[in-house]
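The values are calculated or read from the model by the stated rules, or taken from the named source; none is laboratory data. Everything numeric here is computed off the predicted structure, so don't read it as measured data. Note: ideal-geometry Cβ built from the backbone for every residue, glycine included; neighbour counts use all protein chains shown.
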Amino acid sequence: MPLRSWVPGADGSLFGAENLPYGRFSRRGETDARRGLAVAIGSYVLDLAGLVPVADLPPSLAGQTLNGFMAQGPEVWSAARSRITRLLIDHNERAHVEPYLVPIGEVDLHLPYQVGDYVDFYSSEAHATNVGRIFRPDQEPLSANWKHLPIGYHGRAGTVVVSGTPVVRPRGQSRPAGAERPTFGPSTRLDIEAEVGFVVGKPSMWGAAIPVPGFADHVFGACLLNDWSARDLQAWETVPLGPFLAKSFATSVSPWLVPLAALSAARVRPPRRDPAPLPYLEDDADPWALDISLEIRVNGDLVSHPPFAGMYWTAAQQLAHLTVNGASVRTGDLYASGTVSGTEPDERGSLLELTWNGQSPLSLSDGSSRSFLEDGDSVVITGSAPGPDGTRIGFGEVAGRIRPAPA
């Protein structure tokens, strides 16, 4: 049976008692507003810092970010989750918990963790195949290494921003088709990439790899992520190394961090791998594919619904590969799945694919069309997953609006 909460409207919502994602909030309109940690329950946020002294919660939940709590590891995470769940379903707890509920419409949400390093992967076979066909139509779409390792690059942690933060159109070099020399100016091919991000809680030791079965011992939770991409800058600079200015200007994440513990019912087996992965990437005994459904809206119009369950490499394999050379991870490290795309045209996770590099522009309900993003455009990515006993788990949204490049 689904959990029943005494919080009005929580039962049946995407933020029900089975979910309890963590975030950080301040009360809107208050001068010098305090920012504190919270969980979402129905259409409310539960002020954890206020509850710590009276509800037997870890003191780390009274901190300014989740980092201190996440660093304490799975036993503390599990105990705190159990305690918060009990507070929100036991009617005997209502009297002393209810004063710490704040309507979500009365708060501003902030980035709930301090980001350490940021790594982005490239793990959707459909996406990688589409990109290969667009740019290398006369060659094999996948590179020779693609089915042997999770390809990734290190991004810029300092420009990870919370949902709702405006995104300024980046400037940089590009070389128009047929031109001999590059030009400098605002990107004209600004794109999105719908992804799922994972945040490390428990750090690892330098020189010690994290095996696939160690994933849940180190990763605290998941969020939605938009890896904004300037395709014209990317095409010019990504030879011979990886993305640089085309990606580093902004990466948006959703404000709610869904604990792995809330996603147990969403676990599914990943696609069959051929060839079989090397032993350190083998995950038959402990698969971590997740049945997360994404939706992408541009200016309010639904343009795609990418399925995360079909990703070729899982988050557990990505973490194993990230650390197999001895690289350590720290609390707050963020790594992303790479663009989530399915095999159908309306399951593609980027405008590059949806418009086939501008050859087939999207038609929007206002009569306009888009090959890539224009100034003023709004992009909203939402996501949900199966929860226990027929419930659904929500991730909230990651949203951003494009502002013009600086003069």
For residues that are touching a strand residue (DSSP E or B) at 6+ places or on another chain (Cβ under 8 Å), surrounded by fewer than 19 Cβ atoms within 10 Å (Cβ to Cβ) and assigned to a loop (DSSP other than H, G, I, E, B), tally how many sit in region 349-365.
3
Among (1) hydrophobic (A, V, I, L, M, F, W, C); (2) under 30 Å from residue 187 (Cα atoms); (3) assigned to a loop (DSSP other than H, G, I, E, B), which single condition is residue 402 missing?
(3)
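So which of 54, 76, 97 is surrounded by fewer than 18 Cβ atoms within 10 Å (Cβ to Cβ) and closer than 20 Å to residue 24 by Cβ?
Result: 76 is the single residue among 54, 76, 97 that is surrounded by fewer than 18 Cβ atoms within 10 Å (Cβ to Cβ) and closer than 20 Å to residue 24 by Cβ.
Matching residues to (1) surrounded by fewer than 24 Cβ atoms within 10 Å (Cβ to Cβ); (2) of a type in the set (Asp, Glu); (3) modelled with pLDDT of 95 or more; (4) more than 21 Å from the chain's Cα centre (by Cα):
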| position | (1), (2), (3), (4) |
| --- | --- |
| 202 | yes, no, yes, no |
| 205 | yes, no, yes, yes |
| 213 | yes, no, yes, yes |
| 217 | yes, yes, yes, no |
| 226 | no, no, yes, no |
| 229 | no, no, yes, no |
| 233 | no, no, yes, yes |
Residue identified as under 16 Å from residue 112 (Cβ atoms) and among the charged types (D, E, K, R) among 90, 11, 47, 56
47
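Here's the yes/no breakdown for (1) without any contact (Cβ under 8 Å) to a residue 40 or more places away in the chain; (2) touching a Lys or Arg at 6+ places or on another chain (Cβ under 7 Å); (3) assigned to a helix (DSSP H, G or I):
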{"position": "54", "(1), (2), (3)": "no, no, yes"}
{"position": "61", "(1), (2), (3)": "yes, no, yes"}
{"position": "78", "(1), (2), (3)": "no, no, yes"}
{"position": "92", "(1), (2), (3)": "yes, no, yes"}
{"position": "102", "(1), (2), (3)": "no, yes, no"}
{"position": "112", "(1), (2), (3)": "no, yes, no"}
Result of the Cβ filter at 7 Å on region 338-365, keeping first residues that are in the same structural domain as residue 242 (by TED's automatic domain parsing) and partners that are among the aromatic types (Phe, Trp, Tyr), at least 6 apart or interchain, is 338/121; 338/122; 340/308; 351/372; 358/372
Only one of 27, 35, 94 is under 26 Å from the mean Cα position of the chain (by Cα), more than 28 Å from residue 330 (Cα to Cα) and outside the structural domain of residue 329 (by TED's automatic domain parsing), namely 27
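Give the residues of region 330-348 that are aliphatic (A, V, I, L, M) and crowded, with 24+ Cβ neighbours inside 10 Å, sorted by residue number.
Hits for region 330-348 are 336, 340.
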Can you tell me which condition residue 10 does not meet? The list is (1) within 21 Å of the chain's Cα centre (by Cα); (2) touching a residue at least 60 places away in the same chain (Cβ under 8 Å); (3) not in a helix (DSSP H, G or I), and all the others hold.
(1)
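Without any contact (Cβ under 8 Å) to a residue 60 or more places away in the chain, of a type outside the set (Val, Ile, Thr), touching a Gly at 6+ places or on another chain (Cβ under 9 Å) and surrounded by fewer than 15 Cβ atoms within 10 Å (Cβ to Cβ) - does that describe any residue in region 162-169?
no
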Quick check on region 377-388. Is at least one of its residues in a loop (DSSP other than H, G, I, E, B) and either surrounded by 15 or more Cβ atoms within 10 Å (Cβ to Cβ) or under 14 Å from the mean Cα position of the chain (by Cα) (or both)?
yes
